[in-house]
Each structure stands twice: as C-alpha cells, then as structure tokens.
Amino acid sequence: MGVDKRKILFVCLGNICRSPAAEAIFNKFVEEKGLEAHFEIDSAGLDAYHMGEKADSRMRAYASTRGYNITSISRPINDKDYQYFDMIIGMDRSNIRALISRAPLESHRDKIFLVTDFSSKKVFKEVPDPYYGGLEGFVTVIDILEDSLKALLENISPSIEQ
Ligand code: 4NP
C-alpha cells in the first residue's frame with residue numbers, strides 16, 4: 001500500500017531566497033529522521049519575476065556553510081498548488097495576505113500557515129525579506145527557519161504511522 005504523504009509547499013515572494021531555504025532545511029530535517037517516504041516538499045513564489053532561475057547565489061552560498069544544499073528552480077504558485085498541497089506555508093504576513101486573496105476556493109484558506117507560528121519561541125513574527133540587505137539578513141533567515149521548521153516537524157511527526 002502506498003504511503004500517505006504530507007504535501008508541503010513553502011512560499012515567499014520571489015522563490016529565490018526564503019522559500020528555497022525553507023525547502024532545503026525541511027528536507028534535511030526530514031532526512032535526518034528517516035521520514036523521506038512520508039513527505040513531498042516543494043517551494044514556489046508569489047511573483048514570476050525570477051521564474052526558471054536558481055536560488056539567489058548569496059542564499060545558496062550562506063546556506064551551504066550551514067549544511068544545506070539549495071537546489072530549487074524558481075516557479076510561481078498556481079491554482080493547482082492550492083488543490084494539491086496539504087499545507088501552504090508563507091514566510092511573512094504579506095505572503096499570507098497574498099496567498100489568502102489568491103486562493104481559488106475559500107476552503108483552501110485552511111491550508112495556509114505562517115512559518116513562524118510553529119515556533120514555540122515566538123521571538124520572530126515573520127521571516128524578513130533578505131533580498132536588498134547584507135549577509136546578516138541571510139543569517140537571520142536560516143536562524144528563524146531552523147527554529148520554526150524543527151517545531152513544524154515535531155508537530156507533524158506524531159501523526160505519521162511508522
Ligand atoms: P524571496 O526574496 O521572496 O525570499 O525569494 C526576494 C527575492 C526577489 C525579490 C524580492 C524578494 N525581488 O524583488 O526581485
């Protein structure tokens with residue numbers, strides 16, 4: 001019998017910085033727990049400006065120093081994503097507003113989450129856009145995502161039958 005996979009889509013504005021990092025970090029956490037068969041993980045952007053591009057070179061370079069391999073190619077979110085994925089997880093409040101307003105059905109709104117809401121620390125309310133800033137912005141992205149995504153996986157793991 002096939003495994004019932006949790007399908008998770010991480011979303012940011014351009015799909016070249018934050019959501020590709022979230023995808024890589026969550027993939028690594030899932031692998032470390034040996035749960036690869038139970039998840040399908042992807043990322044997408046609210047804009048199509050960077051469609052077809054690799055993730056931002058600054059994001060890829062810094063993430064690799066923290067042990068994460070970012071391999072995604074930017075693509076915009078589409079209506080089928082709202083149907084297909086179980087959880088659609090945005091990086092900031094602006095992402096959440098855009099995700100809600102673009103949802104093809106009202107019922108899809110129940111799938112939309114803000115990534116920092118999973119964190120028990122509640123230090124950060126969102127993942128700030130690092131695109132126009134310096135290296136500290138990319139450090140902050142990884143710090144917040146590690147904390148929030150560890151909590152997300154702990155939240156989901158008990159419902160997975162081994
Ligand atoms: P992301 O960062 O949403 O984390 O991928 C951005 C990437 C590109 C732009 C803005 C944010 N941009 O304006 O092109």
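The values are calculated or read from the model by the stated rules, or taken from the named source; none is laboratory data. Only a predicted model underlies this, so the values are computations on that prediction, with no experimental measurement involved. Cβ coordinates were reconstructed from backbone atoms using ideal geometry, including for glycine residues, and neighbour counts include every protein chain displayed. The area values use the complete protein model at the heavy-atom level, side chains included, leaving out ligands, DNA and RNA. Shrake-Rupley method; radii C 1.70, N 1.55, O 1.52, S 1.80 Å.
Consider region 116-162 and keep the residues that are closer than 22 Å to Asp4 by Cα and open to solvent by 60 Å² or more (accessible area, probe 1.4 Å). The one that is nearest to the ligand (Cβ to nearest atom) is Lys150.
If I filter region 59-77 for residues that are more than 23 Å from Phe124 (Cα to Cα), in contact (Cβ under 8 Å) with a residue 60 or more places away in the chain, of a type in the set (A, V, I, L, M, F, W, C) and crowded, with 17+ Cβ neighbours inside 10 Å, do I get at least one hit? Yes, region 59-77 contains a residue that is more than 23 Å from Phe124 (Cα to Cα), in contact (Cβ under 8 Å) with a residue 60 or more places away in the chain, of a type in the set (A, V, I, L, M, F, W, C) and crowded, with 17+ Cβ neighbours inside 10 Å. Scan region 103-115 and tell me whether some residue there is within 13 Å of the ligand (Cβ to nearest atom) and open to solvent by 60 Å² or more (accessible area, probe 1.4 Å). No. Considering region 18-41, and only residues there that are open to solvent by 10 Å² or more (accessible area, probe 1.4 Å) and assigned to a loop (DSSP other than H, G, I, E, B), the residue that is nearest to the ligand (Cβ to nearest atom) turns out to be Lys33.
Using the structure shown, decide if Arg97 is open to solvent by 60 Å² or more (accessible area, probe 1.4 Å), over 20 Å from Met59 (Cβ atoms) and within 16 Å of the ligand (Cβ to nearest atom). It is true that Arg97 is open to solvent by 60 Å² or more (accessible area, probe 1.4 Å), over 20 Å from Met59 (Cβ atoms) and within 16 Å of the ligand (Cβ to nearest atom).
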